[in-house]
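Q: Take a look at this one; I'll ask things after.
The values are calculated or read from the model by the stated rules, or taken from the named source; none is laboratory data. For clarity, every value in this text was computed on a predicted model and none was experimentally measured. Note: ideal-geometry Cβ built from the backbone for every residue, glycine included; neighbour counts use all protein chains shown. Just the protein is used for accessible areas: all its heavy atoms, side chains included, with ligands, DNA and RNA removed. Shrake-Rupley method; radii C 1.70, N 1.55, O 1.52, S 1.80 Å.
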Amino acid sequence: MTTATFISAARSFAALVREIPSDAWGEPGLGEWDVRALVGHTSRSLTTVRSYLQTTAEREDIATPQEYYVRVTPSALGIDPADVAERGRQAGRDLGDDPAAAVDELVSGVTSDLAAIGDPLIAVIGGLGIRLRTYLPTRIFELAVHGMDIARALDMPFRPPEAVLAEALDVATRTAIATGHGDSVLLALTGRSTLPPSFSVV
């Protein structure tokens with residue numbers, strides 16, 4: 001089910017990218033990224049799955065998606081946020097002259113890869129071992145959230161598929177609990193309080 005939801009998330013992202021106007025790629029996207037860089041960063045949720053499937057970890061270091069978001073962060077791994085921003089810009093450049101076609105090709109490739117694989121123990125950034133079924137929900141989360149970021153930046157209609165939203169919300173709430181914010185998020189979701197400006201569980 002997780003694989004099917006990931007593929008659904010990837011296809012909905014690709015459909016959104018196909019609707020981006022040709023003159024909008026240089027528009028502001030998110031933070032210091034323009035739309036091309038934001039799409040490039042989001043597309044890394046496809047390329048990382050493909051590349052990590054080529055790895056084999058010796059042990060399972062990360063057991064849940066929320067643990068991934070606790071342990072695999074720039075601050076936890078000592079990665080300069082500027083390097084993360086540049087990777088997004090480079091990923092955008094790598095999409096070439098026809099970003100939509102490039103994203104479609106990535107989706108087709110990762111779909112084929114997943115059809116021929118089970119649930120391997122892969123190595124992600126930092127060399128940490130994680131099961132594929134545990135890693136994919138984090139990519140579903142990224143595709144859903146950044147898909148909505150792209151749509152908001154360009155004032156385009158977009159709503160991830162229901163199963164994608166459900167998985168992304170599950171990851172978000174479990175990460176909130178893991179980082180000590182579960183009570184605050186629950187109160188906000190039930191209309192009993194508000195979250196601080198720019199609050200994020202990741």
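Q: With r as the distance between the Cβ atoms of M148 and E27 and R0 = 22 Å, compute the FRET efficiency 1/(1 + (r/R0)^6) and round to 0.05.
A: 0.85
Q: Follow-up. What does the highest-first list of 124-134, 178-188, 37-47 look like by mean Cβ count within 10 Å?
A: The most tightly packed comes first, giving 37-47, 124-134, 178-188.
Q: How many Å² of accessible area per residue for the chain, probe 1.4 Å?
A: Per residue, the chain has 52 Å² of solvent-accessible surface.
Q: Same structure, new question: With charges only on Cβ, +1 for K and R and -1 for D and E, what is the dipole size of the chain about its Cα centre, in debye, rounded to 20?
A: Its charge dipole is roughly 420 debye.
Q: While we're here: Of V171, I20, L114, which is farthest on the positive side of the dipole of the chain, counting Cα position, with +1 on Lys and Arg Cβ, -1 on Asp and Glu Cβ, and the Cα centre as origin?
A: V171
Q: Summarise the accessible area of the range 70-202 (1.4 Å probe, protein heavy atoms) by the percent that is carbon and sulfur.
A: 54 percent
Q: Moving on. Cβ under 15 Å from A57's Cβ, A57 left aside: what net charge do those residues give with Lys, Arg +1 and Asp, Glu -1?
A: Numbers: positive: R59, R71, R131, R133; negative: E58, E60, D61, E67, D119.
Neighbourhood net charge equals -1.
Q: Just the Kirkwood number for the chain, please: inverse of mean 1/r across all distinct Cα pairs, in Å, one decimal.
A: For the chain, the Kirkwood estimate is 17.5 Å.
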